[in-house]
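Peer 1: Below are the C-alpha cells for one structure; questions will follow.
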Amino acid sequence: MISRSFFLSLQQAFRSVFLILFPLAFISLFAWATAGATTGSTNDPLRAAIWLWLSAHLANATTVLGENQGVISYLPLGAVIFPIFAIRSGVNRAISRIGKARMARTYFLLNYLLLFVFLGFISKTANYKISWVFSLLALIAILIIGVFEIEKASFIKQPLALFAIICGIAGIIFTINLAINFQTLRNLFIVIQPGIVGGFLLLILQIIYLPNVFFHTLIYLSGVGISVGGASVISPFKVDVSAIPAIPLLAGLPAKSIPWLLVGNLLIIIFILMNLELLLRANDYVKIRRQKIIRFIVVAIAMFVLISGATYGTLFTKNMSNFGNDPLRVLIFIGSEILIISLLRIGIPIVWQRLQPRR
C-alpha cells in the first residue's frame, strides 16, 4: 500500500513538473532555432527550459558574467501561478487515485521536492548554479499554497481578496502613468530590438512581472518608496536614480518627486479599516472577535513583508541590487501603520463610550 501510494504520487509529481517544463522546452527550442546561432547544441535550450522552470518557482541563482559574479533574485511573481495550478492538479489526481488525502499530499510534497532538487543539480553549469537556501524556502511556500490551498481558509481569504483589490487599483494608476510615458516605452522597445519571436517573449515576460510592478506601485504610494538598483530611491518625496535598465515596464517610473501622490496611502488605510469593520460587525463572542482581529493584524503584516521579500532582489550585477521594496522598511513602516490604525479604530470607540455620561 505504501509503495503503491508513493509511486502514484510520484507519477503525478512528474506530470505536474512536465506540464510546465514541456511548453518551456518547446519555446526555448523554437527561440534557439530562430536565433541563428552558429555555436552551441540542443542541450542549451533544454537547460534554459529547466532554468525557466526553476525561476517560475522563484528559485534564486548566481551566474558568472565575464570575471564578475551576478545574482538573479528579482523574479516575476506572476509566473508562480503556473506551478501552483500544476501542483494542485497533480495533488487532486493523486488524492483521487490513492484515496487518502493526507498520504497523497505527503508523498506528493516529498516527490515534488526531490524532482526540484534533481533539476536544480542537473541545471548547474560553470556559469550558473542555484542558490539552495532561498530557493527551497520559496519552493516550500509554493507547495504549501498549492497543496493545502491556504488562501481558502477564512482567516486569510478576506484580507487576500481586499489586498488584491487595492493592488489592482494601484495597477490602474501605474497603467495611466505608463500611457502618459508611452514615447519612453516605445523608445525602450526600439533600443532592445527584440525581433518578432523575441518581442513576443519579451511581452510575456512583462506580463508576468505585472504583479511585481503593481505591488511596487502600492508601496510607492504608501510613501515607503522603491529602489531600482544600488542606493537609488524613488518615492513621492524623492527621486534619486543613477541608471535604469532597459526594461519596458520601467518607463512607468516617475521622473521627479510628486508629493501629492502620497494620497495613495489611503488604499492601505481603506484596506485596514474595511477588514476591521467586517471583523467588528461579525456576530461572534467578544473573545473570538478579539482573536480574529489579532490574527488579521499578523496576517496583514506578514502578507506585505512576504510579498516584498518575494519581489525584492538583484538583476545580475551589484549595480542592480536592492531592486524592489526592502522587506525591513516595509515591516517598519507598513507594519507600524497597520498597528496604529487598528489600535485607533478599536480604542477610540471604547474611550468615547466611557466618556459618555451614564444614564
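The values are calculated or read from the model by the stated rules, or taken from the named source; none is laboratory data. Values in this document were obtained by computation on a predicted structure and should not be read as measured data. So basically every Cβ, Gly included, is an ideal-geometry build from the backbone, and we count neighbours across all protein chains shown. Please note that ligands, DNA and RNA were not included when accessible areas were found on the heavy atoms of the full protein model with its side chains. Shrake-Rupley method; radii C 1.70, N 1.55, O 1.52, S 1.80 Å.
Peer 1: Could you report the chain's accessible area per residue, 1.4 Å probe, as an integer in Å²?
Peer 2: For the chain, the per-residue accessible area is 56 Å².
Peer 1: Computing the accessible area with a 1.4 Å probe over protein heavy atoms, can you report the carbon and sulfur percentage for segment 44-174?
Peer 2: Of all accessible area on segment 44-174, carbon and sulfur atoms account for 69 percent.
Peer 1: If a helix is a whole DSSP H run, which ones in the chain reach 15 Å or further along their own axis (Cα) and hold a mean Kyte-Doolittle hydropathy of at least 1.6?
Peer 2: Long hydrophobic helices here: 132-148, 154-180, 195-208, 266-280.
Peer 1: Moving on. Run the reach check for residue 157 against aspartates and glutamates, Cα to Cα strictly under 15 Å, same-chain hits fewer than 8 apart removed. What comes back?
Peer 2: Within the straight-line limit of under 15 Å, residue 157 reaches these aspartates and glutamates: 149.
Peer 1: Which entries of 124/318; 100/287; 129/318 show an alpha-carbon separation above 25 angstrom in the structure shown? Show your work: numbers first, answer last.
Peer 2: Numbers: 124/318 22 Å; 100/287 36 Å; 129/318 18 Å.
Distance filter (> 25 Å) returns 100/287.
Peer 1: What is the distance, in nm, between label points placed 7 Å from the Cα along the Cα-to-Cβ direction at residue 140 and at residue 242?
Peer 2: Label at residue 140, label at residue 242, 3.6 nm between them.
Peer 1: If I take all pairs of Cα atoms in the chain, what percentage of them are more than 31 Å from each other?
Peer 2: Of all Cα-Cα distances in the chain, 45 percent exceed 31 Å.
Peer 1: While we're looking at this one, here's another question. Identify which of 90, 309, 199 has the largest mean-square fluctuation in a Gaussian network model of the chain, with springs joining Cα atoms closer than 10 Å.
Peer 2: 199
Peer 1: Compute the orientation-averaged projected area for segment 267-359 from the convex hull of its Cα atoms and round it to one decimal in nm².
Peer 2: Hull-based average projected area comes out at 7.7 nm².
Peer 1: Quick one: grab the alpha carbon gyration tensor of segment 178-263, order the square roots of its eigenvalues as a ≥ b ≥ c, and give me rounded if a/c is under 1.5, else prolate or oblate depending on whether a/b is larger than b/c.
Peer 2: In terms of gyration-tensor shape, prolate.
Peer 1: If the cut-off is 23 Å between C-alpha atoms, which lysines fall inside it for residue 256, apart from same-chain ones fewer than 8 positions away?
Peer 2: Within the straight-line cut-off, residue 256 pairs with 238.
Peer 1: Still on this structure: 7 Å from Cα along Cα→Cβ at both residue 274 and residue 179: what's the point-to-point distance in nm?
Peer 2: Going by the 7 Å Cα→Cβ label model, 2.2 nm.
Peer 1: Expected output is a single nm value to one decimal: the length gained when fully extending between residue 258 and residue 189, i.e. 0.36 nm times separation in residues minus the C-alpha distance. What is it?
Peer 2: 22.2 nm
Peer 1: Could you report the accessible area of residue 197 in Å², rounded to 10, computed with a 1.4 Å probe on the protein chains as they sit in the structure?
Peer 2: The value for residue 197 is about 40 Å².
Peer 1: At a Förster radius of 25 Å, what calculated FRET efficiency corresponds to the Cβ-Cβ distance of residue 287 and residue 339, to the nearest 0.05?
Peer 2: E(calc), rounded to 0.05, equals 0.75.
Peer 1: Report relative contact order for segment 78-168 in percent, whole number only (criteria: Cα-Cα under 8 Å, sequence separation at least 6).
Peer 2: Relative contact order here is 32 percent.
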